[in-house]
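Structure first, then comments.
No lab work stands behind these numbers, since they all come straight from the coordinates. Not measured: the values here are computed from a predicted model. Neighbour counts are summed over all protein chains in view; Cβ atoms, including those assigned to glycine, are modelled from backbone coordinates with ideal geometry.
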Amino acid sequence: MDLEAIVQRSEALFRDQDLSAVKEWKSRTGGKVIGFMPVYVPRELIHAAGALPVGVMGAGEHAEIIRGDAYFQSYICRIPRSTIELGVSGKLDVLDGFLFPAICDVIRNLSGMWKILFPQKYARYVDLPQDFGAAGRAFYRRELEGMAEDFTRLTGKAVTAEALRRSIKVYNENRRAIARLYDLRSEAPHLVPTWELYLILRAANVLEVTEHTKLVEAYAQAARQSKRPERDYVRVVVSGAFCEQPPLGLIRALESSGCYIVDDDWVLGARYLVEDVIEDGDPFDALIDAYATKTVSTASRYESTALKGKFLVEQVRSRRAEGVVFAAPSFCDPALLERPMLQAVLSEQGIPHTGFKYAENTGQIQSIKEETGTFADSIKLWGTA
Ligand code: SF4
């Protein structure tokens, strides 16, 4: 497939609210489908039970919220409303189960609302630990074992150690392919426009993992061979968009305002673990160890104030970024409460930064584009913002 065809296919998957690819997988394999909200769930466990993990990131800019608003108060982000809208309009009927990982109170409330609305469907709040020592590891083992029992009941296929090791292996391959693509974008951002990379990543939400790995590799190869002009843009890291996602048009506008995005934190479900999960030994231990020690730093994960910002500064340095753009969903407590701490660290380090808020259906793209364009210009002219 050539570059254009790969991007077109990924965009079609991204825009397909009916989850046709998931339905096709289900009718072809007869397997069960388990949805999950951002940021992270151990997809390997779902895969080991023979089911398809499907990432749900709200309805994006596509859906009009008609009934979803009735279930939540006004001043919260949009993703729970649009997820409920998808649910009550039947768009998520293909899901046999739904996982709600502990990110924030909004997702906790959404999980409760979901259980009331769809009592016949399997749903689980995944209580991820915030302690990464012995107590947190013991707690997480119980959570993983509980999920494995649930998935076994749901699918009729036991999550054996051997099956889980196999699943860990294919997800490691997928993570490595994505990491190579991120490296390519950082080396040559003109060859890998972020809006394209974003579409390739979003395909991880709906494709079986080995199929997605092939898509990532095919895209990387085609992008490497493309002859796209290099522009005089500044290199930036985008931070804060780990849950509700910005509209695609906003990502395109960020780039065309003069910013090469050389790292980001969207679709973290596919990039939460930054190293391979150990492929031999006890696979539960391997998943626990990876969760405790090999992850990105993000607001839904507790870290001491001293450590806040260290990961972001390292991202900036290793990607040779010239600044940081904070992009957070409106009313997103985790992202917006963390932002001042991260800004303070960047200021101490002399790293320019700017920020804005968005909603998944935001229409204020032009004003954000002007803001980031000014940010890029000031870095180019004075090396600061
Ligand atoms: S966008 Fe922020 S506040 Fe809303 S559900 Fe996600 S993490 Fe929670």
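About its Cα centre, what dipole magnitude does the stretch 19-160 give when the only charges are +1 on Lys and Arg Cβ and -1 on Asp and Glu Cβ, stated in debye to the nearest 20?
Numbers: 18 positive and 15 negative charges, 66 e Å.
So the magnitude is around 320 debye.
To test your reading of the geometry: what angle, between 0 and 90 degrees and rounded to tens, separates the Cα axis of helix 161-187 from the longest principal axis of the chain?
Between helix and principal axis, roughly 10 degrees.
When the chain is modelled as a GNM with alpha-carbon springs shorter than 10 Å, which of L268, L86, L337 fluctuates the most?
Sorting by GNM fluctuation, first place goes to L337.
According to the square roots a ≥ b ≥ c of the eigenvalues of the Cα gyration tensor, what is the shape class of the stretch 19-160, taking rounded for a/c under 1.5, prolate for a/b larger than b/c otherwise, and oblate for the remainder? Don't skip to the answer; put the middle values down first.
Working: a/c = 2.15, a/b = 1.19, b/c = 1.81.
Since a/c reaches 1.5 but b/c is at least a/b, the shape of the stretch 19-160 is classed as oblate.
Could you work out which residue, out of S111, S297, S27, moves most in a Gaussian network model of the chain, that is, has the largest mean-square fluctuation with Cα springs under 10 Å?
Of the options given, S27 has the highest mean-square fluctuation.
Rounded, prolate or oblate, given the Cα gyration tensor of the stretch 253-343, with a/c below 1.5 counting as rounded? Show your work: numbers first, answer last.
Working: a/c = 2.07, a/b = 1.63, b/c = 1.27.
Cα axes put the stretch 253-343 in the prolate bin.
Picking from G31, L144, Q73, whose Cα lies most toward the positive end of the charge dipole for the stretch 19-160 (charges on Cβ: Lys, Arg +1; Asp, Glu -1)?
G31
In the neighborhood of R141, defined by Cβ-to-Cβ distances under 12 Å, what is the net charge if each Lys or Arg adds +1 and each Asp or Glu adds -1?
Numbers: positive: R137, R142; negative: E143, E145, D282, D285, D289.
With Lys, Arg at +1 and Asp, Glu at -1, the net is -3.
At a 10 Å Cβ-Cβ cut-off, how would you order V313, V324, fewest neighbours first? Walk me through the numbers on the way to the answer.
Working: V313 17, V324 26.
Lowest count first: V313, V324.
Roughly how many debye, to the nearest 20, is the charge dipole of the chain about its Cα centre, given +1 on each Lys and Arg Cβ, -1 on each Asp and Glu Cβ, and no other charges?
Details: 47 positive and 52 negative charges, 60 e Å.
For the chain, the charge dipole is close to 280 debye.
Which residue, chosen from V56, Y291, P329, occupies the Cα position most advanced towards the positive end of the dipole of the chain, where the dipole is computed from +1 (Lys, Arg) and -1 (Asp, Glu) charges on Cβ about the Cα centre?
V56
Provide K369, K115 in ascending order of the number of other Cβ atoms located within 10 Å of each residue's Cβ, fewest first. Don't skip to the end; give the middle numbers.
Working: K369 21, K115 16.
Fewest-to-most Cβ neighbours within 10 Å comes out as K115, K369.
Is the shape of the chain best called rounded, prolate or oblate, per the rule: a/c under 1.5 gives rounded, else a/b larger than b/c gives prolate, else oblate, with a ≥ b ≥ c the square roots of the Cα gyration tensor eigenvalues?
Numbers: a/c = 1.40, a/b = 1.40, b/c = 1.01.
Since a/c stays below 1.5, the shape of the chain is classed as rounded.
Helix-only estimate, please: 222 nm mean residue ellipticity of the chain, summing -39500 (n - 2.57) across DSSP H runs of length 4 or more and dividing by its residues, to the nearest 500. Spell out each step's value before the answer.
Details: 14 runs with 190 residues, N = 385.
So the helix-based figure for the chain works out to -16000 deg cm²/dmol.
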